[in-house]
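Every read-out reported here was derived from the displayed coordinates using simple, explicitly stated rules and does not represent laboratory data. Small disclaimer: the values here were computed from a predicted structure and weren't measured. Here the Cβ positions follow ideal geometry from the backbone for every residue, glycine too, while neighbour counts run over all protein chains shown.
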Amino acid sequence: MNHIPDGYKKDAKGRLCPVEIIPAIDLARDDFVAEKYTLALALQEQMAKFREALFEDIDAFVQLSAERYQADVGGEKGNVTLTSFDGSTRVLRAISDTLAFDERLQAAKALIDECVNEWLEDARPEIKALIADAFQTDKAGKISTARVLSLRRLDIQDEKWQRAMSALSDSLKVQCSKAYVRIERRNASGRFEAVRFDLAGV
């Protein structure tokens with residue numbers, strides 16, 4: 001960051017302006033924004049530390065509970081729900097996997113296309129539409145994992161189709177996993193509501 005001499009402030013265009021010629025309201029606004037930004041940054045750091053400690057505490061409690069049964073729960077961490085004695089409050093840890101297809105998806109698509117072409121006259125229109133929709137890409141050029149995997153629910157016993165479904169399953173890989181924690185409490189109607197940490201949701 002370039003050094004700003006005493007008695008000057010840098011404007012939005014990067015020019016140095018003497019403080020004495022800057023309107024008082026502009027100086028007050030600048031101080032206000034700087035103060036709130038500093039407070040927000042400190043709160044963000046505090047929340048990051050809270051999140052890290054929360055994950056560690058959940059792991060420790062799960063381990064403590066398992067040790068009572070002399071069970072080893074090391075390795076992959078999974079979903080867990082910890083509920084208060086009265087059932088009014090709970091802490092949930094959820095692991096969300098982002099799935100992606102590798103090159104074997106192309107083999108599955110080729111086999112599926114062969115099946116559709118062979119069945120063209122006899123295929124039900126809704127099945128053809130479902131297959132065509134499954135391989136549509138979004139604006140980013142990505143295929144919807146959920147739509148493609150929905151093809152596996154079709155009860156089709158054709159041998160070539162079954163090979164296509166095997167290729168489809170084999171092509172599916174976990175790209176990354178992300179852990180989430182929610183803290184919830186029952187409201188007056190009995191439904192759980194999450195404690196909100198984002199400003200918009202508070």
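Taking +1 at the Cβ of each Lys and Arg and -1 at the Cβ of each Asp and Glu, which of SER88, LEU130, VAL116 sits farthest along the dipole of the chain towards its positive end, judged by Cα position relative to the Cα centre?
SER88
For TYR8, which sequence-distant residues (separation of 5 or more, or a different chain) have an amide H within less than 5 Å of its own amide H, given hydrogens modelled in the peptide plane?
VAL19
Scan region 137-183 for trypsin sites (Lys or Arg not before Pro) in coil per DSSP, keeping those whose Cβ has at most 16 other Cβ atoms within 10 Å, and list them by number.
The qualifying sites are LYS139, LYS142.
Could you rank the peptides 37-44, 51-58 by their average count of other C-beta atoms within 10 Å per residue, with the highest value first?
Result, highest mean first: 51-58, 37-44.
In whole Hz and in residue order, list the ³J(HN,Hα) couplings for region 171-182 that follow from phi through the Karplus curve 6.51 cos²θ - 1.76 cosθ + 1.60, θ = phi - 60°; x for Gly and Pro.
7, 7, 10, 7, 6, 7, 10, 9, 9, 10, 10, 10
Give, rounded to the nearest 20 debye, the magnitude of the charge dipole that the chain has about its Cα centre when Lys and Arg contribute +1 at Cβ and Asp and Glu contribute -1 at Cβ.
Charge dipole, the chain, about its Cα centre: 400 debye, nearest 20.
Spin-label point model (7 Å from Cα, Cβ direction): what's the ALA42 to ALA129 distance in nm?
5.9 nm
Rounded if a/c is under 1.5, else prolate if a/b beats b/c, else oblate: with a ≥ b ≥ c from the C-alpha gyration tensor eigenvalues square-rooted, which is region 138-194?
Details: a/c = 3.04, a/b = 2.16, b/c = 1.41.
Verdict is prolate for region 138-194.
Per DSSP H run of at least 4 residues, take -39500 (n - 2.57); add these up for the chain, divide by its residues and hand me the 222 nm value, nearest 500 deg cm²/dmol.
The per-residue figure over the chain is -14500 deg cm²/dmol.
Can you grab the distance from the C-alpha centre of region 1-32 to the C-alpha centre of region 155-202, Å, no decimals?
The distance from the Cα centre of region 1-32 to that of region 155-202 comes to 49 Å.
To check my understanding: the extent here is largest minus smallest coordinate of the Cα atoms along each principal axis. What are those three numbers for region 1-75, in Å, largest first?
Dimensions of region 1-75 along the principal axes of its Cα atoms: 73, 24, 19 Å.
Go from 0 up to the bin containing the longest alpha carbon distance in region 78-202, width 10 Å each, and give me the % of pairs per bin.
Answer for region 78-202: a P(r) of 11, 30, 20, 18, 16, 5, 0 percent.
Among ALA100, PHE32, PHE192, flag the residue with its Cα farthest along the positive direction of the charge dipole of the chain, charges on Cβ as +1 for Lys/Arg and -1 for Asp/Glu.
The one lying farthest along the dipole's positive direction is PHE32.
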